[in-house]
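Report on the following structure.
The values are calculated or read from the model by the stated rules, or taken from the named source; none is laboratory data. Values in this document were obtained by computation on a predicted structure and should not be read as measured data. Here Cβ is always computed from backbone atoms with ideal geometry, including for glycine, and neighbour counts include all displayed protein chains.
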Amino acid sequence: MNQSLIYEKVKSGLRITREEGLLLLQKEELLDLGEMANEIRYRKNPEQQVTFVIDTNPNYTNICNVDCVFCAFYRHAGDSGEYTYTVDQMIQNFKRAAANGVTTVLLQGGVNPAIPFEYYLEMIERTKKEVPEIHPHFYSTTEIIGISEVSGLSIQEVLKKLWDAGLRTIPGGGAEVLSDRVRKKMGHKKGTAEDWLDVMRQAHKIGFKTTATMMYGHLENDDEIIDHFERIRALQDEYHGFTAFIPWSFKPGNTPLEKIIPNFAPPMRYLQIIALARIYLDNFDHIQASWFSEGKKIGQVALHFGADDFGGTLLEENVHAEANFVNKTTVEEVIQLIQDSGFTPVQRTTLYEKIKTYEFVQAV
Amino acid sequence: MPIYFRDKYLPPIWQKLQLGERLSLEDGLILFKTNDLISLGKMAHYVQQQKSGDAVYFVLNQKIEHTNVCVLSCKFCDFAKKKGEPDAYEMTTDEILSKITPEIKEVHITGGMPHDWRWERYIDIVRSIHNKFPDADVKAYTAVEIDFFHKKFKLPIEEILRQLQAAGLRTMPGGGAEIFTERVRKLLFPQKIGAKGYLEVHKTAHKLGIPTNCTMLYGHIETIEERLIHMVKLREAQDETGGFLSFIPLAFQPGDTGIKPKNQFTSAIDDLKTIAVSRLMLDNIPHIKAYWVMLTEEVASVALNFGADDIDGTVGQERIAHDAGAISPMKLAKDKIIKMISEAGKIPVERDAFYNPLNVYSENVIGKIPYLNSVPFYHNLEKSATGGFKILPVAPRRMGMLSKEGQIDAGLFSLMDYFDQEENLELLDWCIATRDQVKSVMLFSKEGWTGLNGKKIGITDDTATSVHLLKVILEKKYNVRTEFVRLHPGVNDYASFDAVLLIGDDALKYNKVGLNGFELVFDLAKEWYDWQKLPFVFAVWACKNSLSDIRKEKLKDMISAALNKSEDEYGEIGNMQGRQIGLNLSETKEYLEGFNYRLGERERETMSMFRKLVNEINIKV
């Protein structure tokens, strides 16, 4: 087995194996990896275009009972700084966002058992009715599992009711690294890898579209990263319910893990992960690079390593901010960052439909 | 892996690069305009690998800005102050000395240009640092400052540089180049010296044996054509003197300068392209620096895959000092840089001001002699170095020193270094031996052999073997006694010697074009062959005894496979290096074919004979 044979496979559109993936992750030169990734990126999306979405990431509560060691955001009920907003307050938030051109609200919160199921449903219904410009992209798998436990309904019943309330897409957060070894170490109350996959599977079966994510750079090893890719690729074969894959590195600031892992994974690692994801996840339409999680400059570079989407504008973001990781942008800046990278910026919806194509500007 | 180009304009450029041909300004435009960033990076990485293997250099350095008072008012500068302004400062020599710690290897001095400093004060800074910290190389004063001294103190540039050199100046920084076109100069820094003045100062320094860096400030109002014109001018100057050590592209930071570039900061893509294009255009400048303080650590580390092989140093780490507590800030900074380089898959190499490796922070390092005649080993070794070995180019003499310190695990050793460390090394089955003549160890002489009695010979610092071979030939074959004087690294004035011993690519180059004033040229390998009827062995492959058997086997397999493959590729390999020393394709091929790379009976016989003869002479340099 060697790298050029793998490249021949990639060129002829064949799927690479777990062993080949591991070899690429551990041995392949960075630029060779990028070259292979582009082979697939341009086959799937031949245009020299990069999409982005105008979105915001507010949170309705920071009260959470899962106690993940990688999280600096959560509080317990009664802690100073805890909050839970009413549906009214959130609708006001969404209206302000809509006025700023936002089309997608990615809404997540802690797992707060004091909140009744009706609250979640009302949030969807009222958003659809009162802020129709906004596409609700609400509730991670962890929250859905939490709702199921509190309400006594099965995951399938919960998802069905969310669908009936008007929800059509679900964010892919909470996957972290899909390894039970890692998950046990990181948050003993967080579900297993199979729990995450199961919520996604049932959601896709109903017709939901979701993203898949990976937060790496903490306790996982290379095998577990490949395993993560393997499991989401297998699930994608079943219903094709994932719109995109979004990786980011763990930000240790203010988390219990900070003592063991003082720094976040280097940019080289991010570029390797982006490129390998593009190669491995041959049934995913999009790989998302982020100006947000690794910095604007590395986000730009990632667009040349297989990513074809630049994520959202994240006009509001609180989770990374609690880890002292703050990165802000504007719609204008996102457009320029994409142009400066040598691509035509295209604004998209949550479902990756193209809304508006901007100008191509010859960079440098 | 081969390059799969997405941009159809790139393959002709790749063709040129593989033939060792020089790129034109038009090629540069294509490179800057391409959206195929990966292919651009791969080409630059290929060229960088040929030049410096897996090495990425850093230096423990300290920046001294002796004053911010300046008579100039350059638009892009938010550092300079006028005398009497509240935050203007001028440091005394004692204050400067107090900023330097003993572990510093390079002191980088630049500052404003106040109207009332005396010439002696500038000399005193250099002398005091050099005297108090002899291990630190003083790198001082940009061309702009030198030109200022020249005008203010009414001394010729050469005299200014001579006095600084006598006080301890070793190298000069490359600041002040900005962009070499009059259009940009008039708009942004009309008081600065411009291309002509800048290059004159640098070329004068090179001729005195003071190597320098060169820079380019990009990302303001310049066009891509202007960046390329800038690079081409530097390349032409380097053709004349060869004194530039590294090129440093500096991304413009608008700060409070009032200049409004298109973007607040250069994009990462522009940064990486500029690094890659400069590696490809500046074929005669040894190193390209990704100056992490300006590029950000993240982009600098990615740039190490786009043609950069130097990351500057610990400069700019002062802020860390406040958070560091008990640990020395220098140690912290050093650890961080080593981590940054290792994460990019490269060898962190601590260097001195002349790019001599001082410490190598990696396991499984193979030393590479950076001469054309070793290309058949390394060309394919580099491409197949998946066995976990990494390649560090290093002059033969340095290889001996690093090996002695245990910092190198294997490599081609100059024969004398092998003799010296024989008990710690295992001899492998490969070498660089001559068939009859070699053309790359040459004595350029004003006299015939016997006429050299009592004369002074300048000898290269690079390898002990050639020096011993020369001595053996002089004393044992011709019965002649001479004085050996070591040439210093960089540029030398050969005229003061009666003969000069040059090896490697320098010898090859001057053998072709001639060395002015030296009419006789002797090929030492031929002298040896005519005398002993044996091939001469310049270098042998060896590895540490302590390397595990598995690693040794892996290494042997790698060398053997690499050499066999290369021997099928004569005519295609070594062309880039050949071109640079003025050989055409067939001359390069013929030169390589003149060597025997396998250590056989006759080569072993040479080793014994040479060892015996060397023991009978006494060398003093």
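The table for this structure:
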quantity: Odd one out for B:ASP530, checked against (1) under 32 Å from the mean Cα position of the chain (by Cα); (2) under 29 Å from B:VAL480 (Cα atoms); calculated: (1)
quantity: Complete set of residues in region B:129-156 that are part of a helix (DSSP H, G or I) and either closer than 20 Å to B:ASP116 by Cβ or touching an Asp or Glu at 6+ places or on another chain (Cβ under 7 Å) (or both); calculated: B:VAL144, B:GLU145, B:ILE146, B:ASP147, B:PHE148, B:PHE149, B:HIS150, B:LYS151, B:LYS152
quantity: Residues of region B:8-41 that turn out to be of a type in the set (S, T, N, Q) and within 14 Å of chain A (Cβ to nearest Cβ), as a count; calculated: 3
quantity: Flag if B:SER246 is buried (at least 18 other Cβ atoms within 10 Å of the Cβ) and at pLDDT below 95; calculated: no
quantity: Single residue of region B:42-72 satisfying the filter (within 14 Å of another protein chain (Cβ to nearest Cβ) and either without any contact (Cβ under 8 Å) to a residue 24 or more places away in the chain or among the polar types (S, T, N, Q) (or both)) that is surrounded by the fewest Cβ atoms within 10 Å (Cβ to Cβ); calculated: B:GLN49
quantity: Residue in region B:372-379 that is surrounded by fewer than 22 Cβ atoms within 10 Å (Cβ to Cβ) and at pLDDT below 90 present; calculated: yes
quantity: Residue count, region B:330-359 (criterion: assigned to a loop (DSSP other than H, G, I, E, B), within 14 Å of another protein chain (Cβ to nearest Cβ) and either among the small types (Gly, Ala, Ser) or over 18 Å from the mean Cα position of the chain (by Cα) (or both)); calculated: 2
quantity: Scope region A:267-297; condition buried (at least 24 other Cβ atoms within 10 Å of the Cβ), modelled with pLDDT of 95 or more, within 13 Å of another protein chain (Cβ to nearest Cβ) and in a helix (DSSP H, G or I); matching residues; calculated: A:TYR270, A:LEU271, A:ILE274, A:ALA275, A:ARG278
quantity: Odd one out for A:LYS27, checked against (1) within 14 Å of chain B (Cβ to nearest Cβ); (2) surrounded by 22 or more Cβ atoms within 10 Å (Cβ to Cβ); calculated: (2)
quantity: Condition met for A:GLY146 (modelled with pLDDT under 95, part of a helix (DSSP H, G or I), within 27 Å of A:LEU197 (Cα to Cα) and under 22 Å from the mean Cα position of the chain (by Cα)); calculated: yes
quantity: Residues satisfying the stated conditions in region A:318-349, i.e. assigned to a loop (DSSP other than H, G, I, E, B), among the polar types (S, T, N, Q) and within 13 Å of chain B (Cβ to nearest Cβ); calculated: A:ASN327, A:THR329, A:THR330, A:SER341
quantity: Residues being among the hydroxyl-bearing types (Ser, Thr, Tyr), outside any helix (DSSP H, G or I) and surrounded by fewer than 11 Cβ atoms within 10 Å (Cβ to Cβ) - total across region A:1-24; calculated: 1
quantity: Test for B:ILE366: is it touching a residue at least 12 places away in the same chain (Cβ under 8 Å), buried (at least 21 other Cβ atoms within 10 Å of the Cβ) and more than 30 Å from B:PRO2 (Cα to Cα); calculated: no
quantity: Elements of type helices (runs of 4 or more DSSP H) contained in region B:392-505, each with 3 or more residues being assigned by TED's automatic domain parsing to the domain that holds B:ASP549, touching a Leu at 6+ places or on another chain (Cβ under 8 Å) and of a type in the set (A, V, I, L, M, F, W, C); calculated: B:464-472
quantity: Where B:ALA88 falls short, out of the listed (1) part of a helix (DSSP H, G or I); (2) in the same structural domain as B:ALA333 (by TED's automatic domain parsing); (3) of a type in the set (A, V, I, L, M); calculated: (1)
quantity: Tabulated pairs, region B:329-345, first modelled with pLDDT of 85 or more, second among the aliphatic types (A, V, I, L, M) and surrounded by 18 or more Cβ atoms within 10 Å (Cβ to Cβ), C-beta under 6 angstrom, 6+ apart or interchain; calculated: B:ILE341/B:VAL56; B:GLU343/A:MET268; B:ALA344/A:MET268; B:ALA344/B:LEU304
quantity: Count of residues meeting criterion [of a type outside the set (A, V, I, L, M) and either under 24 Å from the mean Cα position of the chain (by Cα) or crowded, with 20+ Cβ neighbours inside 10 Å (or both)] in region B:569-590; calculated: 9
quantity: Selected residue (criterion: nearest to the chain's Cα centre (by Cα)) from residues of region A:318-347 that are surrounded by 24 or more Cβ atoms within 10 Å (Cβ to Cβ) and small (Gly, Ala, Ser); calculated: A:SER341
quantity: Some residue of region B:191-210 being without any contact (Cβ under 8 Å) to a residue 24 or more places away in the chain and not hydroxyl-bearing (Ser, Thr, Tyr); calculated: yes
quantity: Residue within region B:34-56 that is over 30 Å from B:GLY367 (Cα atoms) and assigned to a strand (DSSP E or B) present; calculated: no
quantity: Residues of region A:298-317 that turn out to be more than 13 Å from chain B (Cβ to nearest Cβ) and either more than 15 Å from the chain's Cα centre (by Cα) or free of Cβ contacts under 8 Å to residues at least 24 places away in the same chain (or both), as a count; calculated: 2
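Conditions tested, residue by residue: (1) of a type in the set (A, V, I, L, M, F, W, C); (2) more than 18 Å from B:GLU145 (Cβ to Cβ); (3) in the same structural domain as B:CYS77 (by TED's automatic domain parsing); (4) out of contact with any strand residue (DSSP E or B) (no Cβ under 6 Å at 6 or more places or on another chain).
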{"site": "B:ALA166", "(1), (2), (3), (4)": "yes, no, yes, yes"}
{"site": "B:GLY176", "(1), (2), (3), (4)": "no, no, yes, yes"}
{"site": "B:THR181", "(1), (2), (3), (4)": "no, yes, yes, yes"}
{"site": "B:VAL184", "(1), (2), (3), (4)": "yes, yes, yes, yes"}
{"site": "B:GLY194", "(1), (2), (3), (4)": "no, no, yes, yes"}
{"site": "B:LYS203", "(1), (2), (3), (4)": "no, no, yes, yes"}
{"site": "B:CYS214", "(1), (2), (3), (4)": "yes, no, yes, no"}
